Amino acid sequence: MIIPSGIDFKDYLEMQGLLEGQEVHWGNHWADALVDRINNGIEVFGDKLPWSKTHNTFRLRPGELTIWAGINGHRKSMIVGQVMLSLAKTMRVCIASLEMSPESTLARMCQQAAGCYPSGEYARSFAYWSEERVCIYDQLDTVEATRILGVVHYAAKELNCSHIVIDSLMKCGLNEEDYAAEKKFVDRLQWAAKNYKVHIHLICHMRKGVSEDRIPNKFDIKGTGGITDLADNVVVCWKNKIKEQALFKQKNGSQISQVEAESLERPDQYMVVEKQRHGEWEGSYQLWFNENSLQFTGDNSGNIIPFGIDS
């Protein structure tokens, strides 16, 4: 598929209308769905994350908005990249990575797919594999919020992408102090997710001053509380930096403290589901990081998740 160049996404959005007028039906429209819900309860459905330990508790459902939040340097974008890589095996994903160049985004995903630092030959094969699977919005730095909304609509309606990533909220041309505009933008993202039955992923930062010594929560997310109120799901990513420091010291032959020694028994990364509006489970997943592959795994066995680009 050839993606047209020179599209003014702001104009494209305006052509789609003002994101108003959701469909309204009488209650009997959902009679079958209501009976199924009453008889069977809440069913775990939606697209799966790469880790089997998550499959029965957390899914990425169409029509929802997920906030992925974390302190700077706590690998939230890298985790989301691995999630998108896994999903791209069977569906189309779109990534608007406004903080990284397209080749940097693809290079990280390529390394995760290879399970090691890839060769140039593998990188070319991965690039061709990604056609009609992974599309990248080729813009860096701050982009006007209306243009981002245009990208979302174009990716969903014209490219048939099932998952759309916006990395990050702070690069969407909104004044950090204008909470009303921020809330309106997130509200429109949620509307787009529901209207086009896609899943939108919005990466957010934590407020300045949040301590890295503890796992933050949804109340630490930068901006208005309306962001998490509107989102269907909120996932917090937290890196065990004490363990990272201890491993670095060990590698260089330096002595580690008792606290650092104890940290070696803990996971490298935590992924905490702080909110899941349409699911019954909230809690924390423990992950381990493989530096050679940039993969996160569900256990400390050292085995990476196999990935093939032939299918």
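The values are calculated or read from the model by the stated rules, or taken from the named source; none is laboratory data. Fair warning: this is a prediction, and the values are worked out from it, not measured in the lab. All Cβ positions, glycine included, derive from the backbone under ideal geometry; neighbour counts span all protein chains shown.
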* Asked: If you check every pair at least six apart or on different chains, which have Cβ atoms under 8 Å apart with a residue in the stretch 146-158 that is farther than 16 Å from Leu174 by Cα first and a residue that is small (Gly, Ala, Ser) and crowded, with 22+ Cβ neighbours inside 10 Å second?
  -> Val151/Ala96; Val152/Ala192; His153/Ala192; Ala156/Ala192
* Single match in Gly115, Gly81 (criterion: in contact with a Pro (Cβ under 8 Å, 6 or more places away or on another chain) and of a type outside the set (Ser, Thr, Tyr)) -> Gly115
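Here's the yes/no breakdown for (1) more than 14 Å from Ile309 (Cα to Cα); (2) modelled with pLDDT under 95; (3) of a type in the set (Val, Ile, Thr):
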residue	(1), (2), (3)
Gln112	no, no, no
Asp138	yes, yes, no
Val143	yes, yes, yes
Lys184	yes, yes, no
* Checking Trp68 against (1) touching a helix residue (DSSP H, G or I) at 6+ places or on another chain (Cβ under 6 Å); (2) not in a strand (DSSP E or B), the condition it does not meet -> (2)
* Pair list, Cβ < 7 Å and 6+ apart or interchain, from the stretch 97-113 residues that are within 18 Å of Gln139 (Cβ to Cβ) to residues that are among the acidic types (Asp, Glu) and buried (at least 17 other Cβ atoms within 10 Å of the Cβ) -> Ser97/Asp167; Leu98/Asp167; Glu99/Asp167
* Residues in the stretch 55-65 that are over 24 Å from Leu98 (Cα atoms) and either touching a helix residue (DSSP H, G or I) at 6+ places or on another chain (Cβ under 6 Å) or crowded, with 19+ Cβ neighbours inside 10 Å (or both): how many? -> 3
* Any strands (runs of 3 or more DSSP E) falling wholly within the stretch 222-311 and containing at least 1 residues that are surrounded by fewer than 20 Cβ atoms within 10 Å (Cβ to Cβ) and in contact with a Pro (Cβ under 7 Å, 6 or more places away or on another chain) -> 283-290
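Yes or no, residue by residue, for (1) touching a helix residue (DSSP H, G or I) at 6+ places or on another chain (Cβ under 6 Å); (2) modelled with pLDDT under 95:
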{"site": "Thr228", "(1), (2)": "yes, no"}
{"site": "Asp232", "(1), (2)": "no, no"}
{"site": "Val235", "(1), (2)": "no, no"}
{"site": "Trp238", "(1), (2)": "no, no"}
{"site": "Lys243", "(1), (2)": "yes, no"}
{"site": "Leu247", "(1), (2)": "no, yes"}
{"site": "Gln250", "(1), (2)": "no, yes"}
{"site": "Glu260", "(1), (2)": "yes, yes"}
* **Cβ-Cβ under 9 Å pairs, at least 6 apart or on other chains, the stretch 233-244 side touching a residue at least 60 places away in the same chain (Cβ under 8 Å), far side part of a loop (DSSP other than H, G, I, E, B) and of a type in the set (S, T, N, Q)** => Val234/Asn217; Val236/Asn217
* Asked: For Met100, which of the numbered conditions (1) over 25 Å from Lys157 (Cβ atoms); (2) modelled with pLDDT of 95 or more fails to hold?
  -> (2)
* Asked: Within the stretch 267-276, can one find any residue that is at pLDDT 95 or above and more than 17 Å from the chain's Cα centre (by Cα)?
  -> yes
* Asked: Within the bounds of the stretch 177-187, is there any residue that is within 14 Å of Leu65 (Cβ to Cβ) and of a type in the set (A, V, I, L, M, F, W, C)?
  -> yes
* Structure fact -> Picking from Phe9, Phe58, the residue that is at pLDDT below 80, among the aromatic types (Phe, Trp, Tyr) and within 24 Å of the chain's Cα centre (by Cα) would be Phe9
